Amino acid sequence: MTATRVNIERRGHVAVVTLARPDKRNALDIAMFEALDDAAKRLSADPELRAVVLAGEGKSFCAGLDLAAFASGASEMQKLLDRPEGEAGNLAQRVAWGWRQCPVPVIAALHGEVFGGGLQVALGADLRIAAPDTRLSVMEVRWGLIPDMSGSQTLRHLLRRDVALELAWTGRVVPGEEAAALGLVTRLAEDPLAEALALAGTIAGHSPDAVRGVKRLFNQAWQAPEEAALRLEESLQLQIIGRPNQMEAVRAGMAGEAPRFGPARELA
């Protein structure tokens, strides 16, 4: 992984993934795309992981695509759009959708500018906590582009279609208060990173099997046909109930003690 683009810090069972290109407002170049993709894949394979916090170093979470880095020719842009065999998306899509596929909760701590590709990365997270003065934009139309980093899938779960269209057609900048009212962010906080870390810590204190099961259930069942959703509920619960981590949650809860969970159970 390119250490100068993305830093990963482990805090117990929580991983803090920080975009680390502050001189460019964490703008996305090829190295940043590759580093984010690598981080999502490596963390997704860690059975000890219980939550991820995404953050940006410096004045902004991410100001979007580094246009200058892609101005030299089509070859760099082609790297983003090539889809390797067996991958769920191309590189541009995976840096956002990879966090949706990560089996543990992912919380984005947003501040400053969250524009274009930066917003799409944030939309890949399960939760978004933003500072009140955060500025967000589906900005791709300003550069003659469409939101192609999985934005069509992440936005549809958050906004009404007409609202998403208005933002994508205008590229206007949305202040934090409006973003919260629209549902583009989960909530506002004066210190979004501290809030995200506290929330991640709370989540990490629960059974990793249950937490992963909730994400799997809501990702797959939220808009599924009712019968399929109910069957998934049943299947996941049968894989969790009576297993060591579930029994430990019960034991610790009845004893008033901090639970001692083992690694997450892989859910089929």
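The values are calculated or read from the model by the stated rules, or taken from the named source; none is laboratory data. Because the structure is a prediction, the values reported are computed rather than measured. Here Cβ is always computed from backbone atoms with ideal geometry, including for glycine, and neighbour counts include all displayed protein chains.
Quick one: how many residues across region 115-171 are loosely packed, with under 15 Cβ neighbours inside 10 Å and either closer than 22 Å to residue 196 by Cβ or in contact (Cβ under 8 Å) with a residue 60 or more places away in the chain (or both)?
Result for region 115-171: 4.
Search region 87-136 for residues being among the β-branched types (Val, Ile, Thr) and assigned to a strand (DSSP E or B), and hand back the single one that is nearest to residue 181 (Cα to Cα). Give the steps one after another, and end with the answer.
At the first step, the residues of region 87-136 found to be among the β-branched types (Val, Ile, Thr) are 95, 104, 106-107, 114, 121, 129, 134.
Next, only the ones that are assigned to a strand (DSSP E or B) stay: 106-107, 114, 129.
On the way: 106: 21, 107: 18, 114: 17, 129: 13 Å.
Among them, the one singled out is 129.
Just to be sure before I move on: is residue 124 at negative phi and within 12 Å of the chain's Cα centre (by Cα) in the structure I sent?
Numbers: at negative phi: yes; within 12 Å of the chain's Cα centre (by Cα): yes.
Answer is yes for this residue.
Check region 42-53 and report whether any residue there is exposed (fewer than 13 other Cβ atoms within 10 Å of the Cβ) and outside any loop (DSSP other than H, G, I, E, B).
no
Can you tell me which of (1) within 23 Å of residue 15 (Cβ to Cβ); (2) surrounded by 23 or more Cβ atoms within 10 Å (Cβ to Cβ) is the one residue 91 doesn't meet?
(2)
For region 211-227, does any single residue satisfy the condition of being among the aromatic types (Phe, Trp, Tyr) and either in a helix (DSSP H, G or I) or assigned by TED's automatic domain parsing to the domain that holds residue 129 (or both)? Reasoning before the result, please.
Taking region 211-227 and keeping what is among the aromatic types (Phe, Trp, Tyr), we get 218, 222.
Then keep just the ones that are either in a helix (DSSP H, G or I) or assigned by TED's automatic domain parsing to the domain that holds residue 129 (or both); that gives 218.
Yes, region 211-227 has at least one match.
With respect to residue 155, determine if the residue is closer than 21 Å to residue 89 by Cβ, among the aliphatic types (A, V, I, L, M) and in contact with a strand residue (DSSP E or B) (Cβ under 9 Å, 6 or more places away or on another chain).
Details: closer than 21 Å to residue 89 by Cβ: yes; among the aliphatic types (A, V, I, L, M): yes; in contact with a strand residue (DSSP E or B) (Cβ under 9 Å, 6 or more places away or on another chain): no.
So residue 155 does not fit the description; no.
Would you check if there is a residue in region 184-200 being part of a helix (DSSP H, G or I), out of contact with any strand residue (DSSP E or B) (no Cβ under 9 Å at 6 or more places or on another chain), in the same structural domain as residue 112 (by TED's automatic domain parsing) and surrounded by fewer than 17 Cβ atoms within 10 Å (Cβ to Cβ)?
Of the residues in region 184-200, the ones part of a helix (DSSP H, G or I) are 192-200.
The next check asks that each one be out of contact with any strand residue (DSSP E or B) (no Cβ under 9 Å at 6 or more places or on another chain); those that pass are 198.
Narrowing the set further to residues that are in the same structural domain as residue 112 (by TED's automatic domain parsing) leaves 198.
So of that shortlist, the ones also surrounded by fewer than 17 Cβ atoms within 10 Å (Cβ to Cβ) come out as 198.
Yes, that holds for at least one residue.
For region 162-183, which residues satisfy the criterion of being part of a loop (DSSP other than H, G, I, E, B) and among the small types (Gly, Ala, Ser)?
Taking region 162-183 as the starting set, the residues that turn out to be part of a loop (DSSP other than H, G, I, E, B) are 171-173, 183.
Hits for region 162-183 are 171, 183.
Every residue in region 204-227 that is of a type in the set (A, V, I, L, M, F, W, C) and either surrounded by fewer than 18 Cβ atoms within 10 Å (Cβ to Cβ) or without any contact (Cβ under 8 Å) to a residue 40 or more places away in the chain (or both), please. Show your work before the answer.
Of the residues in region 204-227, the ones of a type in the set (A, V, I, L, M, F, W, C) are 204, 210-211, 214, 217-218, 221-222, 224.
The answer is 210, 214, 217, 218, 221, 222, 224.
Filter region 228-264 down to the residues that are of a type in the set (Asp, Glu) and assigned to a helix (DSSP H, G or I), then identify the one that is surrounded by the fewest Cβ atoms within 10 Å (Cβ to Cβ). Let's see the steps before the verdict.
First, the residues of region 228-264 that are of a type in the set (Asp, Glu): 233-234, 248, 257.
Now narrow it down to the ones that are assigned to a helix (DSSP H, G or I): 233-234, 248.
Numbers: 233: 13, 234: 10, 248: 17.
Among those residues, the one meeting the criterion is 234.
Considering every residue within region 131-143, establish whether at least one is modelled with pLDDT under 95 and closer than 28 Å to residue 77 by Cα. Steps first, please.
Let us first name the residues in region 131-143 that are modelled with pLDDT under 95, namely 143.
Narrowing further to those that are closer than 28 Å to residue 77 by Cα: 143.
Looking through region 131-143, at least one residue is modelled with pLDDT under 95 and closer than 28 Å to residue 77 by Cα.
For region 125-136, does any single residue satisfy the condition of being small (Gly, Ala, Ser) and over 30 Å from residue 206 (Cβ atoms)? Can you show your working first?
Of region 125-136, the ones small (Gly, Ala, Ser) are 125, 130-131.
Pick out the ones that are also over 30 Å from residue 206 (Cβ atoms) and you get none.
There is no residue in region 125-136 that is small (Gly, Ala, Ser) and over 30 Å from residue 206 (Cβ atoms).
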